[in-house]
1. With springs only between Cα atoms under 10 Å apart, run a GNM on the chain and tell me which of Pro409, Pro25, Pro158 wobbles the most.
2. In nm, what is the difference between 0.36 nm times the number of residues separating Glu40 and Ser379 and their Cα-Cα distance?
3. Modelling each spin label as a point 7 Å along the Cα-to-Cβ direction, I'd like the Ala243/Thr64 distance in nm, to one decimal.
4. Give the calculated FRET efficiency between Asn295 and Ser168 to the nearest 0.05, with a Förster radius of 41 Å applied to their Cβ-Cβ distance.
5. If each DSSP helix of 4+ residues adds -39,500 (n - 2.57) and the sum is divided by the residues in the chain, what number results at 222 nm, nearest 500 deg cm²/dmol?
6. Taking a virtual spin label 7 Å from the Cα of Ala91 along the C-beta vector, which residues in segment 103-135 bring their backbone nitrogen under 14 Å of it?
7. Can you sort Val350, Val45, Val87 by solvent-accessible area, 1.4 Å probe, largest first?
8. Name the shape class, rounded, prolate or oblate, that the alpha-carbon gyration tensor gives for the chain, where a ≥ b ≥ c are the square roots of its eigenvalues, rounded holds for a/c under 1.5, and otherwise prolate holds if a/b is larger than b/c and oblate otherwise.
Amino acid sequence: LIYDSFAQYLVTEKGYDEDLLILAPDSLDFCCKGLVLDIEEGNFVKLAEDGTVLRASHGTKSMTFEEILEIYGRREWKHFNTVSGMVSRTAKYYLYDNYFDLPGALLCARVVDSLDQHDGQKKYDFWKDMVAAIQHNYKISAFKENCGTYFPEVKNHPDKYLQRCPESVKKWLKQLKNAGKILLLITSSHSDYCRLLCEHVLGNDFEEYFDILITNALKPGFFSHTPNQRPFRTLENDEEQEALLSLDKPGWYSQGNSVQLFDLLKKMTGKLDPKVVYFGDSMHSDIFPARHYSNWETVFILEELLGDKVTVPAKAESEPLEKKGKYEGDQLKAPYFVSKQWGSFFMDRVPGLENAEETLVHTWSCKCISTYSTIAIPSLEAIADLPLDYRFTRFSSNSSATAGYYPSPPRALLPNEESVTMK
């Protein structure tokens with residue numbers, strides 16, 4: 001749906017090739033979190049922790065190791081300094097670090113293929129059209145106005161796109177609240193879309209789970225901006241009202257900043273330095289800014305950890321084919337598979353020069369996890385049944401780069417002997 005909503009706009013409003021509307025089922029293999037689009041070159045790159053390029057593609061077409069060496073060498077990628085400082089968005093590159101953005105990566109890659117076919121371009125300037133497509137589908141008024149492809153479709157068929165929250169997680173949220181914790185929901189979605197999602201996912205009483213709801217939070221700016229730059233606003237009928245000078249009581253707010261939120265938490269807890277644990281699934285918008293600017297504890301929701309589980313029951317193998325259908329839902333579908341084109345999110349192999357052995361290196365995405373997250377989990381469900389006083393091992397607790405993964409590190413990060421025994 002996300003792919004279609006952008007593609008429809010490019011084709012109907014901006015005159016792009018209609019072939020973009022047709023999506024081959026296996027083309028989603030291109031989508032891999034942690035890719036960076038080098039906008040002017042039309043290239044996607046997967047970076048190692050030292051900033052060198054591990055894999056790359058021009059449009060959707062993978063580059064050979066020789067091509068990568070010729071274009072990028074074995075030196076730090078030219079924008080690595082800004083991307084690794086999580087400098088937000090520039091006109092030079094775009095970091096694809098969450099599943100909501102990711103279908104756009106495939107579309108951009110196919111746009112490059114299409115432009116090459118027709119014009120043989122050297123520098124690309126389709127990005128402004130992509131931004132317009134995003135704006136058209138997701139601007140703050142789009143839900144209300146029913147504009148774009150995305151919101152109308154989710155409104156009409158919520159069951160097709162949304163999964164209900166597991167009972168264990170709802171119970172866990174209630175336990176936290178009953179234990180005297182203050183629960184916050186902070187989302188960059190506007191209040192109308194947030195309400196649709198939460199009613200569907202948690203139920204009509206979703207507001208009772210949270211003390212404070214903040215929508216249109218415009219992360220990562222929520223963490224990096226000052227109160228004057230980004231004041232809180234109240235809402236009436238999903239319309240933002242005048243700016244508030246301070247945040248005085250729990251409730252539902254729009255925009256805002258973490259400084260004034262923290263002041264309110266001090267007041268509510270009666271503590272000088274209340275501890276905040278923030279759960280998020282985007283390194284760029286959630287985990288990095290919450291740690292870097294607010295020094296909050298961060299729990300990274302990392303679906304890639306699910307990709308380690310082999311979920312097809314063993315006995316399925318011996319059954320006749322017509323019976324196998326019932327297991328199809330168990331097989332790893334996107335986004336939990338490892339992309340054939342891009343390989344593991346965590347590690348990759350670098351061929352040795354002049355007959356040297358190939359080496360295994362961590363990806364830059366993997367390095368960010370141990371640097372900025374307190375722990376990483378595959379889903380809230382993975383921890384919902386644990387006692388509230390369970391003590392997790394943190395990433396920083398020792399020098400191990402795998403300490404903070406719960407319930408276990410990704411197989412790609414284990415020494416070979418261990419991964420063999422796990423199979």
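The values are calculated or read from the model by the stated rules, or taken from the named source; none is laboratory data. Quantities reported herein were computed from a predicted structural model and do not represent experimental measurements. Heads up, the Cβs are rebuilt from the backbone with ideal geometry, glycines too, and the neighbour counts pull from every protein chain shown. To get the accessible areas, we keep the full protein, side chains included, count just its heavy atoms, and leave off ligands, DNA and RNA. Shrake-Rupley method; radii C 1.70, N 1.55, O 1.52, S 1.80 Å.
1. With Cα springs under 10 Å in the chain, the top fluctuation among Pro409, Pro25, Pro158 is at Pro25.
2. Working: separation 339, 0.36 × 339 = 122.04 nm, distance 3.59 nm.
Between Glu40 and Ser379, full extension yields an extra 118.4 nm.
3. So the label points at Ala243 and Thr64 sit 5.7 nm apart.
4. Details: r = 30 Å, r/R0 = 0.73.
With a Förster radius of 41 Å, E is 0.85.
5. Numbers: 16 runs with 134 residues, N = 423.
About -8500 deg cm²/dmol.
6. Once the point is set 7 Å along Cα→Cβ of Ala91, 124-129, 131 turn out to lie under 14 Å by backbone N, inside segment 103-135.
7. Working: Val350 30, Val45 0, Val87 70 Å².
Ranked list, largest accessible area first: Val87, Val350, Val45.
8. Details: a/c = 1.42, a/b = 1.22, b/c = 1.16.
Rounded is the answer for the chain, as its axis ratio a/c remains below 1.5.
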